[in-house]
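Just so it is clear, none of the values below were taken in a lab; they were calculated from the coordinates. Predicted, not measured: the structure shown is a model, and the values here were computed from it. Because the Cβ atoms are built from the backbone with ideal geometry, glycine has one as well, and the counts that use them run over all protein chains shown.
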Number of protein chains: 2
Amino acid sequence: MTELSIGILGGTGDQGKGLAHRFAQAGHPVLIGSRNAQRAQEAADSIGLGARGAENAVVAAEADIVIVAVPWDGHKELLISLREPLAGKIVIDCVNPLGFDKQGAYALPVEEGSAAQQAAAVLPDSRVVAAFHHVSAVLLLDPAVEKVDLDVLVLGDDREATDTVQALAAVIPGVRGVYGGRLRNAHQVEAFTANLISINRRYKAHAGLRVTDV
Amino acid sequence: MTELSIGILGGTGDQGKGLAHRFAQAGHPVLIGSRNAQRAQEAADSIGLGARGAENAVVAAEADIVIVAVPWDGHKELLISLREPLAGKIVIDCVNPLGFDKQGAYALPVEEGSAAQQAAAVLPDSRVVAAFHHVSAVLLLDPAVEKVDLDVLVLGDDREATDTVQALAAVIPGVRGVYGGRLRNAHQVEAFTANLISINRRYKAHAGLRVTDV
C-alpha cells in the first residue's frame, strides 16, 4: 500500500509532523498541509524523504488519504471548507478535543459527540475514520525510537476504510492497528488522551495503550 | 493489606463475583452484597474461601473497602440509601453506564459526567475511586486463568485512596494498578468498555488494556 499518498492537514504541528515522518520513512509519498504554504514546505523539508508541503486545500485535493491533525479550535470550519476536495476519500481524524487547567487535561464536550463524528457530519461524502489519537509526537519524532510501543485504535463504520487505516498504522514499526468500534464510540478514545496526559505526568512516561488478547 | 475486608455491592453479578473470587483467593475477607441476603449467601458459597453474603446495607457497614458493582439502573438510588454506612470509607465504583442495541454497546450520557462522579456527588463523606471497569468477568471467574493480562486504571482525587486501590488491583495475579487520572476523567474510562465489547466481538477475544512505558 506504499503507493498511497498521505496528506496531513495541520501537518506542521508535532502530532502531524511525527506521523508524516513515520509514513515517509515507510515509503509513502507525504504531503504536509498548513494554512501557510511556506510553513508547510519548511515542515516538509525538515522531514525530507521526498515530503512536500502545500496549503491544506491543495493537500486535500491531491492526497489519496487525508489525516486531520489540526487544533480542535477551527476543526469544523476547516473541514467544511474542504468538503469538495475530500469527497470520496478516506479522512482520518486524530483530533483530541481537550481543555487544560491547573489540574491537567480534561475532555471538552462536543455537540456531535466527538471530533470524528463532527468530521463525518460535515463531510457526508467522505469515509471518515478515527485513529492515531494516542500516538506520542515525542516518540514519533525521535529518530532513536526504532519501535513505537502502542496499538492504534481505529474506529469507523466503513469496514474497508478501517481495514485500510489499520494497515496504514501497521507501517509504523512496533505499532498495530486494532479495530476499536464504530464512530459513535470515538468520544471516549479521543477523551482518553486526557488520561494518558495524567499518566505521563504521574509516571514521567510517554504512555500508550496495548490491547491484550488480540 | 490482606487484613482489609472487601465488600462488593451487587456481588451476585458476574463482574462482582469475579472480583470477589480473586480477592478471596488473595486472602482478603470478602463480603458479597445483594438486595437479597439469600442470593448473596449463595454467591458467597459458590466462591468459598470464607466469603460471606449479606444484604447490601450490612456489607456497606461492615466492610473496610466497598466495591460498587451494581447495574447502572439503580446505582444512584442505592448509593443514596447507603450514604451513612459508607461515610469515611474507600468506595470503588466499577460501574459502566452502557446501552446496547443491534450495533452493539454505546456509552450512556450521565448527568454528573460519569458513574464515579455520580457516586462522589451522592457520597460526599466517602473517598470515591473509579477502577476495575475493564476486567473480564469470564477471565476472573475461570479457575484455569492463573494470570489476568491487563492493567486496572485507577482514578480519583485522593492520592492515598488511589494508592490503596492500585495495591488492591495488584493482588490479582497478572494485574497492575495504574493511576489513570482524576475523577473528572472517569467518563471515558467507563465508556471505553463499549469499545472493548466491540473489540471482543470483532476478534473473538477477552480484551483488556496495558499501559506502555509505565
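Quick notes on this structure:
- In loop segments of segment A:101-176 as defined by DSSP, the trypsin sites (Lys or Arg not before Pro) with at most 10 further C-beta atoms inside 10 Å of their C-beta are A:K102, A:K147.
- Cβ-vector label at 7 Å, B:L4, separations to other copies in nm: 4.7
- Mean Cβ neighbour count within 10 Å, used as a protection proxy, ranking A:86-93, A:6-13 highest first: A:6-13, A:86-93
- Cα-based shape type of segment A:91-214, given that a ≥ b ≥ c are square roots of the gyration tensor eigenvalues and the cut on a/c is 1.5: oblate
- Spacing of the two label points (7 Å from each Cα toward its C-beta) at B:D73 and B:L108, in nm: 0.8 nm
- Antiparallel %, DSSP beta bridges [both residues in chain A], to 5: 15 percent
- For B:E160, the distances from its label point to the matching points in the remaining copies are 6.1 nm, ordered from shortest, with each point set 7 Å beyond Cα toward Cβ.
- Label geometry 7 Å along the beta-carbon vector: B:R201 inter-copy distances in nm: 3.5
- Check: segment B:1-105 dipole with +1 on Lys, Arg Cβ and -1 on Asp, Glu Cβ, in debye: 100 debye
- With a cut-off of 10 Å between beta carbons, the residues surrounding B:Y106 carry a summed charge of +1, where Lys and Arg count +1 and Asp and Glu -1.
- Between the residues A:G53, A:A121, A:G88, the greatest Cα displacement towards the positive end of the dipole of segment A:13-161, with unit charges on the Cβ of Lys, Arg, Asp and Glu, is found for A:G53.
- Residues in segment B:100-130 reached by a label modelled at B:E84 [backbone nitrogen below 17 Å; 7 Å Cα→Cβ]: B:123-126
- Put the Cα centre of segment A:74-144 next to the Cα centre of segment B:32-79 and the gap is 43 Å.
- From its DSSP helices (H runs of at least four residues, each -39,500 (n - 2.57)), chain A gives a residue-normalised ellipticity at 222 nm of -10500 deg cm²/dmol.
- For chain A, convex hull volume per residue from C-alpha positions, Å³: 116 Å³
- Cα-based shape type of segment A:100-168, given that a ≥ b ≥ c are square roots of the gyration tensor eigenvalues and the cut on a/c is 1.5: oblate
- Contour minus Cα-Cα distance for A:R201 and A:T2 (0.36 nm per residue): 68.0 nm
- The convex hull built on the alpha-carbon positions of the protein assembly as shown has an orientation-averaged projected area of 19.9 nm².
- About its Cα centre, segment A:69-130 has a charge dipole of approximately 160 debye under the convention of +1 per Lys or Arg Cβ and -1 per Asp or Glu Cβ, with nothing else charged.
- Reachable lysines from A:K17, criterion Cα separation under 25 angstrom, eight or more residues apart if same chain: A:K76, A:K89, A:K147, A:K204
- Each of A:V165, A:G99, A:A37 was scored by the projection of its Cα onto the charge dipole of chain A, and the greatest displacement toward the positive side belongs to A:G99; charges sit on the C-beta of Lys, Arg, Asp and Glu.
- Virtual paramagnetic centre 7 Å along Cα→Cβ of A:D158, amide N under 16 Å, in segment A:166-196: A:166-168, A:182-184
- Segment B:55-136, Rg to Rh (Cα coordinates; Rh as Kirkwood inverse mean 1/r): 0.99
- Cα-centre dipole for segment B:95-151 with unit charges at Cβ (Lys and Arg positive, Asp and Glu negative), debye to 20: 60 debye
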